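The values are calculated or read from the model by the stated rules, or taken from the named source; none is laboratory data. Everything numeric here is computed off the predicted structure, so don't read it as measured data. Every residue, glycine as well, gets a Cβ built from its backbone with ideal geometry; the counts of neighbours run over all protein chains shown.
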């Protein structure tokens, strides 16, 4: 489990250290997991709780309402089960391996379109701009962009392709999450929350299984589709190339005459 000082925790959650302290004082956030000298140490359960708080705040709930909700729901329940459900709802499945580069160095890679491309990448969550530093949040994807760019593929084209793919993935995610939501509503009615440790555990398993299904379905379906599409497009391309060769050969024969 990751360990965070308060500033690191706030940065990971997209909030401020001041908010973290305020949430803790109001009972929304559990006490630190440990201490390192005078510094408080937090873990992933605190990060997930902050994400849950943020989601509720964005829906218009006040911190007082959130504190009452969390306290009343957790009363009498196994904390391990509660944290398991919280993890299933708020934890990121995508692993973020960040890499910081000076903006000037990035300009040598992106060229004249640096500002425009950085803005596009920022909107898609692939980079974060921090003054004169750019934080790359998906190093593997950016590496792929760079390698394809070395083959002559324009970065703008690659970013546009990624944006189109991401849009379709968002639609698939919506289908899966709405299916899970519909199941819960059909079984228990709208606004239901698991009331026992067994219900919490069962709901957690269902949500995790749905996420696993989504990842597996996209991976296998995309791989299968890429194979079929590549064979089809390659066949069409080779047919066009063969016709072009035939026409050039026939044109050469006519010139020789």
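For the range 207-221, state whether one or more residues are more than 25 Å from the chain's Cα centre (by Cα), under 30 Å from residue 165 (Cβ atoms) and surrounded by 10 or more Cβ atoms within 10 Å (Cβ to Cβ). Checked the range 207-221: no residue is more than 25 Å from the chain's Cα centre (by Cα), under 30 Å from residue 165 (Cβ atoms) and surrounded by 10 or more Cβ atoms within 10 Å (Cβ to Cβ). Take the residues of the range 1-10 that are in a loop (DSSP other than H, G, I, E, B) and in contact with a strand residue (DSSP E or B) (Cβ under 7 Å, 6 or more places away or on another chain): which is surrounded by the most Cβ atoms within 10 Å (Cβ to Cβ)? Result: 5.
The residue list 85, 57 contains one member that is at pLDDT below 80, assigned to a helix (DSSP H, G or I), under 23 Å from the mean Cα position of the chain (by Cα) and surrounded by 13 or more Cβ atoms within 10 Å (Cβ to Cβ), which is 85. Any idea how many residues of the range 11-41 are within 22 Å of the chain's Cα centre (by Cα), in contact (Cβ under 8 Å) with a residue 24 or more places away in the chain and either more than 22 Å from residue 128 (Cα to Cα) or assigned to a helix (DSSP H, G or I) (or both)? Total satisfying the criteria: 2.
Does residue 142 satisfy the condition of being modelled with pLDDT under 80 and either within 30 Å of residue 203 (Cβ to Cβ) or in contact with a strand residue (DSSP E or B) (Cβ under 7 Å, 6 or more places away or on another chain) (or both)? If you could, list the steps in order and put the result at the bottom.
Details: modelled with pLDDT under 80: yes; either within 30 Å of residue 203 (Cβ to Cβ) or in contact with a strand residue (DSSP E or B) (Cβ under 7 Å, 6 or more places away or on another chain) (or both): yes.
Criteria met by residue 142.
Conditions tested, residue by residue: (1) assigned to a loop (DSSP other than H, G, I, E, B); (2) in contact with a helix residue (DSSP H, G or I) (Cβ under 9 Å, 6 or more places away or on another chain); (3) at pLDDT below 85.
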| position | (1), (2), (3) |
| --- | --- |
| 171 | no, no, no |
| 179 | no, yes, no |
| 186 | no, no, no |
| 192 | yes, yes, no |
| 201 | no, yes, no |
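Taking the stated definitions as given, is residue 210 part of a helix (DSSP H, G or I) and out of contact with any helix residue (DSSP H, G or I) (no Cβ under 8 Å at 6 or more places or on another chain)? Taking the combined requirement at face value, the residue does not satisfy it.
Only residues that are surrounded by 12 or more Cβ atoms within 10 Å (Cβ to Cβ) and outside any helix (DSSP H, G or I) were counted in the range 126-153, giving 11.
Residues that are within 14 Å of the chain's Cα centre (by Cα) and free of Cβ contacts under 8 Å to residues at least 40 places away in the same chain were ranked within the range 137-162; the one that is farthest from residue 217 (Cα to Cα) is 141. Is it the case that residue 18 is at pLDDT 90 or above, surrounded by fewer than 13 Cβ atoms within 10 Å (Cβ to Cβ) and farther than 22 Å from residue 82 by Cβ? When the stated conditions are applied, residue 18 passes them.
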